[in-house]
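Only the coordinates and a few stated rules stand behind these numbers; no lab work does. None of these values were measured; they are calculated from a predicted model. A quick note on method: Cβ atoms are made from the backbone with ideal geometry, for glycine too, and the neighbour counts reach across all protein chains shown.
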Amino acid sequence: MANRKYDYSKDVQPTEATSEMAKTSEIEEVTAVTAEEARRQRLEQRNDALANEFRRLKPEIADAHKKLESLIEGIGAYAGTMQNLHDLLKTSFPIRFAENDRQALLEEINTIVDNAISRIRIESKKADKDIRRNENRISMTQTTFWCMIALLLILATFFALVIFANVKLIHSDVLTQISVVYSGLTALTIIIAAYIYRKK
């Protein structure tokens, strides 16, 4: 009886479990507070960004508001002018159209509108064709064009001088024929290229 020792482990275990639960709850509270703080910071950043954006757009909004007010005033004045004109026409020119006259007027208006639409379509097709044609063209300045012409004239002169020197120095009929054929083919190639460029 005197040799039996008391086992305190059963008393210690509940105390350790309680302390662990307290630590866990404290960690959860800290995590919740941290998450709430992060969410609050995100909301503040978003609100600051929205406020900065509003301050940046405020002059544009004010300008658009002024333009809208002036437009509304102009529309009101225009509506009043049109109403006055309508009243003036009714009092000054009390014209009454018969049914035949009204029908003839509508047909005339429809004819005018159809002609206008046809012309618009024709002009639109012409514009599209010109746009497609101009897309394939190479644009150059006037200085570039005249420099290219001068360069071609210099090359043509050099080519003519080379042919003349070869014919005079070598006195070959074959060389003369080759030069003539080459010149003809070159001229034909230039003509065909210009024709194809014009057709585009």
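For the residue pair Leu106 and Asn47, what label-to-label distance in nm results when each label sits 7 Å from Cα along the Cα-to-beta-carbon direction?
Reported label-point gap for Leu106 and Asn47 is 6.4 nm.
Using a 7 Å offset from the Cα along the Cα-to-Cβ direction at both Ala187 and Asp63, what is the distance between the two label points in nm, to one decimal?
Those two pseudo-labels are separated by 6.4 nm.
Could you work out the local net charge near Ile61, counting Lys and Arg as +1, Asp and Glu as -1, over the other residues with Cβ closer than 13 Å to its Cβ?
Local charge sum for Ile61: +1.
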